[in-house]
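> Take this structure, written in structure tokens, and hold onto it; I'll ask about it next.
The values are calculated or read from the model by the stated rules, or taken from the named source; none is laboratory data. Computed from a predicted model, the values in this text were never measured in an experiment. Cβ coordinates were reconstructed from backbone atoms using ideal geometry, including for glycine residues, and neighbour counts include every protein chain displayed. Calculation scope for accessible area: heavy atoms of the full protein, side chains included, ligands and nucleic acids excluded. Shrake-Rupley method; radii C 1.70, N 1.55, O 1.52, S 1.80 Å.
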Amino acid sequence: MTGLLTIRMGRAIFLLGMAVLFALPALCILTAVPVRGGDGYPTRIISSGPAITEKLYLLGAGDRIAGVTTHCRRPPQALSKPKIGSVTHISTEKLISLKPDLVLATSLTDPRVVRKARDLGIKVIVFNSPRSFAEMNEQFVVLGKTVGKEKEAKEIVRASEKRVNAIRERTSGLMTRKVFLQIGSSPLFTATKDSFLNDFMVFAGAINVAADSGVGFYNREQVLKDDPDAILIVAMEGPQAHREKSAWLKLGTLRAVRNNAVYVMDSDKMCSPTPVTFVEALEEVVRLVHGDQKKVGK
């Protein structure tokens with residue numbers, strides 16, 4: 001009787017052990033136990049913003065990206081990464097299934113997703129929208145340090161700052177132009193002095209006519225009153241962008257229209273820049289706003 005009981009207990013323990021063994025994969029998915037590399041830095045990173053994705057590739061950490069959003073289109077390699085949803089609507093289940101050891105969120109990431117990930121023991125870092133070029137660079141260095149690329153990040157920032165300073169020197173003697181920067185059309189929305197987008201104007205030697213507009217909501221009547229020398233429409237290329245440009249071109253009394261200076265600029269490069277693409281966009285702003293203008297007094 002004792003021997004039979006022992007055999008039955010042995011079988012029970014064996015079956016329990018097998019049940020736990022087969023349940024482990026599902027358990028790992030549910031708890032998303034972080035797995036870090038031998039150097040202690042994350043090896044499976046979720047990026048919830050286009051700028052973050054592009055910065056990771058710029059730092060040479062693109063191979064560690066486990067998932068991105070549907071808005072992450074740059075560089076082209078990002079298109080083949082698993083998708084977790086959009087910038088504002090992320091699938092928590094998909095995110096967890098990718099077993100990340102780090103989630104890089106933005107100010108647009110759903111707080112419930114951030115909270116859920118942290119509850120499961122996943123490290124989450126939230127990068128808010130930078131208010132200046134300097135703050136953007138500071139965040140870039142933090143990102144570099146987080147993924148073990150601090151030296152590379154600092155070198156990239158130094159190079160970008162050097163190029164920006166050269167541009168500012170080049171535009172310092174040019175005639176100042178008034179510019180209206182449109183980043184939304186319904187309702188009309190612009191960049192204020194509290195946005196890093198305003199730095200494009202300042203560094204280009206231009207005046208952002210809406211710098212002191214507060215929260216950024218504007219109206220066409222005010223633009224007519226400001227009468228800017230140029231209008232920059234930040235949008236994705238396509239029919240909608242051309243419709244927005246056409247709407248401005250109908251206002252023939254505007255100096256920008258008379259100057260044939262209403263332009264569409266790439267929203268990815270302007271609104272989600274890296275230290276490198278910020279400089280590229282700034283060069284384009286200078287070219288569009290100042291054209292072939294020569295230095296004053298030259």
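> Would you point out the residue of the range 227-250, among those that are among the acidic types (Asp, Glu) and in contact with a Lys or Arg (Cβ under 7 Å, 6 or more places away or on another chain), that is nearest to residue 176 (Cα to Cα)? Even if it seems obvious, please write down each step before you answer.
Step one: of the range 227-250, the residues among the acidic types (Asp, Glu) are 227, 229, 237, 244.
Now narrow it down to the ones that are in contact with a Lys or Arg (Cβ under 7 Å, 6 or more places away or on another chain): 227, 229.
On the way: 227: 14, 229: 10 Å.
Checking each candidate, the answer is 229.
> If you go through the range 94-112 one residue at a time, how many are outside any strand (DSSP E or B) and either among the hydroxyl-bearing types (Ser, Thr, Tyr) or open to solvent by less than 10 Å² (accessible area, probe 1.4 Å) (or both)?
Number of matching residues: 6.
> Among the residues of the range 39-50, is any modelled with pLDDT under 95 and either over 27 Å from residue 275 (Cβ atoms) or of a type outside the set (Ser, Thr, Tyr) (or both)?
Checking the range 39-50: at least one residue is modelled with pLDDT under 95 and either over 27 Å from residue 275 (Cβ atoms) or of a type outside the set (Ser, Thr, Tyr) (or both).
> Between a residue in the range 143-168 that is in contact (Cβ under 8 Å) with a residue 12 or more places away in the chain and surrounded by 15 or more Cβ atoms within 10 Å (Cβ to Cβ) and any residue that is aromatic (Phe, Trp, Tyr) and not in a helix (DSSP H, G or I), which pairs come within a Cβ distance under 9 Å, given they are 6 or more apart or on different chains?
143/127; 146/41; 147/41; 148/41; 149/41
> Now, a different point. Please find, within the range 41-65, the residue that is surrounded by the fewest Cβ atoms within 10 Å (Cβ to Cβ) out of those that are more than 15 Å from the chain's Cα centre (by Cα) and within 18 Å of residue 157 (Cβ to Cβ).
Looking at residues that are more than 15 Å from the chain's Cα centre (by Cα) and within 18 Å of residue 157 (Cβ to Cβ), I get 60.
> Report every pair of residues separated by at least 6 positions or lying on different chains whose Cβ atoms are under 7 Å apart, first residue within the range 95-122 and more than 18 Å from residue 53 (Cβ to Cβ) and hydroxyl-bearing (Ser, Thr, Tyr), second open to solvent by 10 Å² or more (accessible area, probe 1.4 Å) and part of a helix (DSSP H, G or I).
Filtered contacts from the range 95-122: 97/29.
> Please identify the pairs in which a residue from the range 191-212 that is closer than 19 Å to residue 268 by Cβ and free of Cβ contacts under 8 Å to residues at least 60 places away in the same chain has its Cβ atom under 7 Å from the Cβ atom of a residue that is of a type in the set (A, V, I, L, M, F, W, C) and open to solvent by 30 Å² or more (accessible area, probe 1.4 Å), counting only partners at least 6 apart or on another chain.
The qualifying pairs are 191/183.
> Would you be able to tell me the number of residues in the range 124-138 that are over 14 Å from residue 106 (Cα atoms) and surrounded by fewer than 18 Cβ atoms within 10 Å (Cβ to Cβ)?
Number satisfying all stated conditions: 4.
> Do we have any residue at all in the range 179-198 that's more than 23 Å from the chain's Cα centre (by Cα), at pLDDT 90 or above and over 13 Å from residue 285 (Cβ atoms)? Walk me through it before giving the result.
Just the residues of the range 179-198 that are more than 23 Å from the chain's Cα centre (by Cα), to begin with: 179.
From the residues that got through so far, the ones that are at pLDDT 90 or above too are 179.
Add one more test, that the residue is over 13 Å from residue 285 (Cβ atoms), and what stays is none.
No, because not a single residue in the range 179-198 is more than 23 Å from the chain's Cα centre (by Cα), at pLDDT 90 or above and over 13 Å from residue 285 (Cβ atoms).
> Restricting attention to helices (runs of 4 or more DSSP H) lying wholly within the range 188-298, give those where 3 or more residues are open to solvent by 10 Å² or more (accessible area, probe 1.4 Å) and farther than 30 Å from residue 166 by Cβ.
Numbers: elements: 197-203, 220-226, 239-249, 255-258, 267-271, 275-290.
Fully inside the range 188-298 and qualifying: 220-226, 239-249.
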